[in-house]
Every structure is written in structure tokens, then in C-alpha cells.
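A short write-up of the structure that comes next.
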Amino acid sequence: MQDHDQSSERPRIAPVRGIVLAQSRAGACYPASALRRWIRANRAIYKAPKIDLFVRGLLPTCLDELLEHAQRLDARLSLRTDCEASIPGLNALKAAGLFDVFLCPLAPDSLAFNTWLDACAAAGLPIRIQFQGPFPSGFSGEDCAERLARAGVTVANLALYDPLALETAPMDAAACRDYIDTVSSLARQLSTRNVETNLLRFPYCHFDEELWPYIIGDAQFFLDHSQYQRASFEFAQKTQYRGPIIVSKLINALLVQNSSLNPALDAKLFPWLLEHPALNARLWFLHKLTRHFRWRWLAPKPRIQDGPSLEQAVARAQEKRAKAFPPACGNCQLRNICLGDTPLRGRLLPGLTVQPLDGEPIPFPMCFCKAQAKHYDAIDAQRAQASDGHKALAEEALRIVHNEMPTRKIDAFEYEIEGQYAMQMLGGMRWFSITPTEKQSTILARLEPPFTLAVTFCAGSAEYIGFSFGRHCKTVCAMDSFNHCLALHVAADGHYVLLRDDIPVHPMEFEGVHYAPLRLAGMIEPRICIGNIDGAIVTQNVCLWEHNRQAAAVCTGIRYSFLIFSTRYARRLQAVLQSIAHQRDYDLSRVEVIVAYVPGIDAVDDLLDSFHISYPAIHIVRSPFTEHYARSKGFVINESVCAASGEWVILLDSDIILPPEMLSEMEKVEAQTNFIAPDGRKMLEEEATARILMGEVRPWESWDALVEGPGEFRLREAEGAPIGFFQAVRRSCLDEIKYMEMDHFEWADLWFGIHMREKFGREVRTSGAIVLHMDHGGSQWYGTAKHR
């Protein structure tokens, strides 16, 4: 069903649609295996829940297989076609999960397009269309709009050009004005029929001001939810000229970037391989010959430290950008949001010239788009629609911000900008930037929900503003004006709402590593985060409302912080937590348990609720992550350590049962070392594990029987260095020694143990105290195919 929003109540959300090419620009078909991996990359790396399969000419024979593959990855596949292929069984494809169809005909009046349009309408499939290039003689915008609306078209792109489509031939100079008039007429007719209309990559000055809300240039394209996600689109744009072999290698490189011992090298190698695939072998040959050299010109440049130098650099950068803009548009008020007079525009529309508009420059790409009516498909509507709980949080946040005095005001002299100079002033901090990069403040405070944090951003502009909570998540939104008051309200359970000028907004999503979390952790250290500052911007009025002041007092008495990462191990995690709760001869109020997990994929949340009620003396901290990190043990550990309050951090796998005297034994030896490990572990068999999980056996009551029963002892495995099932280290050591960050666990825990030994000396073993390792059928620690 068509869902069209004619008001501005719904927030503008970022696009989450990926794209996969079925053929190269030269017409070479990519193999089914490459298409499957490409779909996986869109879902796993770019987090695209909907993906266009772009087909030029013949449809791939594996279309049914690809639809099934996408659904297994919890993604929906759409078909983008140039309408040159024969029409498949659309009813069957719809039943197999086809999300919608994107028709991009070579000519808007072609028989092939009309046939596809009728077939999609008959099958009840949602339709998007894109017209590019000149319209035929006698074309009627009213008749075309009526036909598209009757067929159920939801979104219509009228494009000057598309980087993924074939470029149209330049028009005669005399025909250019007629073409723009036809596009304008069709846009008006479509909008009156409730069809979302977008004018892609046209200069603003070619159209009447009433049509400016429909214009989508490069500045708006990746901010509009009807278009494509940036990273996915740019990957397709760069690979469309590559053959099947090179594309297969590129996709493989993309998928394994975080799965080797050299993630930093992978991160640099992949973009280089994307740009220069034929030179890959030569690069490695050159590397082997010259790796011992140290080139002076490769030395990093010192960063600018003093205020006057940075302000001068900002001024030079802005002057350079102004010179790089087309001369005819250099002083136009739309120069920051419009494509301008590019060579491609001049070639396609030779009969038209740009008309610069005087006035102050408009810095915000979406300022006109707010007036546009937008279509929301099922996925986007769910993203945009705030739940009742979200609305309640927003109302609570407004009440707090407007009616309660903050418990603390954070002055500009209490925080800095990481890695660069900033001007600290009474009442505000001036940030500077000469590059389109992200800037972050130092940590504002160490907080345990519930709390409310508010900051005013003013006297400048930026692409986005908000807060970050480590490398894995941030809650930011677009900056649409020169002045915004941003408030973040976090409930006790970690659910939150972000308000911009008292209006709830959906946090922006980012490709690669940053995704808006569903919940925030139980102990967080927020920072102010600003992306792509236009020269300078000011933050002021940083106010904090702490709603649970007792939390800080509770954390001061913590001695041992257990850090456990659990993915689909909720049943085993319950036994682990029970073994912590039944430690003998130790004050449990000095114990903290940090559980890092992916909310929603198993029952960890319910388990932690029950555990807190049953054992209130133990401090519980939740450290949620998105499913993107479900296999990244090292990354999760490194990011969760900041939540630890104890002097000791115990890295514990979620299937390890502690002996009842473990903490008391550790207390006896901790003064001697920075590193403690058990004597070894006993691998329990399936029967003993099952009885523990069913509650028939309580390990703290039957410890000796379990140790003496069936199973394998492992006392000094992995060359003797303590490995990841149990590693206790002083909290300060984790500031210097980090876990290796890969999408699997092999060797990361061993290298951590080796590096701890090298830096802080050999570990001390708890004499005679071993741990029990529950059976899990050979599946990996970081998550199973079923809930265990």
C-alpha cells in the first residue's frame, strides 16, 4: 500500500538501500557466487535491509536463488531493470520475496517500459521509475503522470544523468529549454497525484523556485531515504567498469577486511585495490624490495596547535574551495548545495546557462527538501515511525529539560577537542576544521543511566552534530540550521531519545562501523561529536541531569569487574552468573558484572533483569552492541572496558563456571602480580552440561563431583600463556595492552596473554583452582546457529 506523508511530522531519515550490479558496464555477467557475496556485503557491511539488483538486459537465471539468499540475511531484494529483458513471472517473484521493482527505461514511451509497467501493476508490486534524457515529440506530462499514478508508482526520479546508467546524447541547444519545461510539467503533475518526485542532478536555477524542494543533487542524494546508501552506491559506481574476476576479488577483499591479523593494512589495501586492481602484484613486489627504507617524505606532518595558525588555515581552505567552484557560480547563494555549472551539465544541456543568485550562502543541503512530500515503504516507515515508548521518552525529556535545574553544568574549560586546538571561551567552545572530517570532544562525564544531556550548537554549520560513545556507536543528526539545541535522554534500561530543538529525530546511520544503537550501555562516557564543520562552530550550555546519583557511590566500592561477551549463549550465561553469585567468603557488593551482548537475538536482557532482582548486591552493567559486532570479541572487549569500575577486570567466556572460592583465592595473590589465571580448566561432557543447564546440578554444591567426573583436563595449553576463557588483569593494564580486533577469536586471546607477559611479567596461577568449561557441541564461543 502506498504510504505518502504530505506533512513534515515524519523525520527525514538517511537511505538504507544498497545496490548490486548483475552485469558490468560492458555487459559481462557477474557469476552467481559473486552476486551472493555482494548481497552479503551490502547487508553485513553496509547494513542495507533493502537492496536493488540492477540488471541491464537479460535477467540472471539465479534470481530465485538470490531472493532466497537475501531473505536468509534478513534483507529484501528489489529488481532494477532497463526494461529490455522479457518479463519474468512477477507473481512468483513477489511470493518469493521481491520487495519492489525500479523501472529505468531507455525511453519513457517505449513499448517495453509500458509492458513492464502493466505487468508490475497487475502483480501488485510497488513500482519506482526513473526517466533520463530527452522526452519524445508530443510527450504529455499530464497523460504520463496519470498513467504512472494509476499503475501505483510510488517514487519517480527525473534524472539529468545517473552515474550507473548509460549517458544520454547531448540535446540540441534549442531543445534544452523545452526539455526543462517538460520535466517541470511532469514533476508538477506527478506531485499533484501523490507520487514522490525527485529531480536528480539538475542545477536549481534551471527551475522555478516552487520546484526546488524536489531537486536532489550530490549534496542531497545520500541524505534522502528514497535514494542509495553512500558506501554501497560508490562501490557499485567504481566497480561497474571492472570484469567478473576483478569484481569477485574486490567483494572478497571487502568481506574479509576485519578477519585477518593486519586489519589496519586491510583497511588501506582495499581502497587501493578498488582503484588500481591491475597493479596489485607490482605493489607487493615493490614492498618486498623497499620495506626496509624509511622515506622522509612519508613522515607525518605536525598538526596545527595554535589558534591563529588554525584560523588562517581555515580561511585558506574556504578560499581554496571557493576558487574550485565553477566561476559562474562562485558567488551564488546556492553554491553549497547545488551541483553548479559542471562540464557534464554543459555537455548535456548546451542551450542553457546557469543564473547565479545573489545572497548569503545556504549551507544546509536539505533546507528546501523539508517541504517535499515523501513516500515511505514498509522498511522506511518502520524506521521513521516513533513507538509509544519512544514518544513517552520524548515527553519525559522535554519535561526535564524545560522544568528541572540541571545537576551539573559542564564548562568549556572542563573538556577539550581531541587532537586539535580549540578556542575555550567563557560559556562556549569554538571548534575549527579545515577538512571534512569528524571531530570529538574529550569525555564529558562517566554516567550510568538514567540521565539527560543537552548541548547548544551555534555560530556555524556542520553536516551532523550529536554524541558518540566509543568507536562502535554514536547518536547524531543532521544540522539543518545555524543554531540547534540537542538533548539526549537515556532511560534506566538504556533506551533513549534524541531531540533536536524539542523535536525527536531518528539518529543518522553510517556505513562501515557506526550504527545508531537500539540501546545504550549501562555505563557510558559521552563525547560531543561534530562531522564536517564548515570552518568553525561553537558549542555552549552543556547541561547534565543525573537521575541516579547513588550509582557513582555504588561503583566506588567495586574490586572485581567481570567482563563477559555473550551471543546466543543465554542459557550458559545463566550458569556463569550463578557461579559468580555463589562465591564463598567474599563480599558480593564489591563485584561488578559487565555483560556485552547484542540485544534482541536471545534472552540476555530478561536474564539480567532476573539476576538483578535475585542478587541485588552485585552491580550489573549492560554493554549492548549491534549485530555487526557479534563476532568481534576483541573490539567488544576494548570498547566495554571503559565501563569497568573495579581495580581488576576479569575477562570471562560465557560458558565458564567458576569454583566457589575463586575470588577469595585471587584476593590472596593479587598483591604479587598484574595478571592472574586459574590453574587450568576441565572440559565438561555433554551430559554434565545438560544437567547444569536444566538445574539438576548446582556446581557450587557439587564442585568436587564435577571436577572428578568425566571430561578432559587442560592445565597448560596454548604454550602456557593464559588464554581467553579466564584472564584477570589490573584495570590499568588494559590502557596499554589491547585485544586484537578481528571478526573471529583465533589467536587474539593468546596474543593478549603473550603481550601481558612481555609488558607486566608472568601471571600468577590460583593454586589448585580450576574452572569448568561447559560443552557447546563444537560451536564457536562468539555465537551459534541456535540459542544455546
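A few notes on this one:
- Candidates per trypsin sites (Lys or Arg not before Pro) in region 581-675, loop by DSSP, up to 12 other Cβ within 10 Å: 584
- Partner lysines for residue 409 [C-alpha distance under 19 Å; skip if fewer than 8 residues away on the same chain]: none
- Working note: Karplus 6.51/-1.76/1.60 with θ = phi - 60° gives region 84-94 the couplings 8, 8, 5, 6, x, x, 5, 4, 5, 5, 5 Hz, where Gly and Pro are set to x.
- Computed with a 1.4 Å probe on the full set of protein chains, the accessible area for residue 239 sits at about 0 Å².
- For region 232-237, putting each phi into the Karplus relation 6.51 cos²θ - 1.76 cosθ + 1.60 with θ = phi - 60° gives couplings of 5, 5, 5, 5, 5, 4 Hz, in residue order, rounded to whole numbers and with x for Gly and Pro.
- For region 390-476, GluC sites (Glu not before Pro) are listed when DSSP marks them as loop and at most 13 other Cβ atoms sit within 10 Å of their Cβ; the list is 404, 418.
- Range of Cα positions in the chain per principal axis (Å), largest first: 92, 64, 63
- Sites residue 696 and residue 620 - FRET efficiency at Förster radius 22 Å, r taken between beta-carbons, to 0.05: 0.25
- Charge dipole (region 108-239, unit charges on Cβ, about Cα centre) - positive-most of 121, 145, 159: 121
- Since only 624, 499, 570 are under comparison, the one whose Cα sits farthest along the positive direction of the charge dipole of region 492-644, derived from C-beta charges on Lys, Arg, Asp and Glu, is 570.
- Cα point-scatterer Debye curve for region 666-770, base-10 log of I(q)/I(0) at q = 0.14, 0.16, 0.23 Å⁻¹: -0.66, -0.82, -1.18
- In this calculation the C-beta distance from residue 85 to residue 178 is compared with R0 = 35 Å, giving a FRET efficiency of 0.65.
- Nearest-10 value in Å² for the accessible area of residue 109, using the 1.4 Å probe: 90 Å²
- Largest accessible area first, the residues 94, 249 order themselves as 249, 94 under a 1.4 Å probe with ligands, DNA and RNA left out.
- Residue 705 versus residue 385: modelled label distance in nm, points set 7 Å from Cα along the beta carbon direction: 5.3 nm
- Mean separation of Cα pairs under 8 Å and 6 or more residues apart, divided by the residue count, gives the chain a relative contact order of 10 percent.
- Label point distance in nm, residue 541-residue 714, each placed 7 Å from Cα along Cα→Cβ: 5.7 nm
- Rounded, prolate or oblate (a/c below 1.5 giving rounded, otherwise prolate when a/b exceeds b/c) for region 337-486 by Cα gyration tensor: oblate
- Segment residue 358-residue 731, extension gain: residue separation times 0.36 nm, minus the distance between their alpha carbons: 128.3 nm
- The HN-Hα couplings worked out from phi for region 397-407 by the Karplus form 6.51 cos²θ - 1.76 cosθ + 1.60 (θ = phi - 60°) are 4, 4, 4, 5, 5, 9, 10, 10, 6, x, 6 Hz, whole numbers, x standing for Gly and Pro.
- Heavy-atom SASA rank of 380, 411 (probe 1.4 Å, accessible area, largest first): 411, 380
- Cα-derived Rg over Rh, computed across region 169-264 with Rh taken as Kirkwood radius: 1.16
The values are calculated or read from the model by the stated rules, or taken from the named source; none is laboratory data. Every value quoted in this text rests on a predicted model; they were computed, and no experiment measured them. Backbone-built Cβ (ideal geometry, glycine too); neighbour counts: all protein chains shown. Heads up: the accessible areas ignore ligands, DNA and RNA and are worked out on the full protein's heavy atoms, side chains in. Shrake-Rupley method; radii C 1.70, N 1.55, O 1.52, S 1.80 Å.
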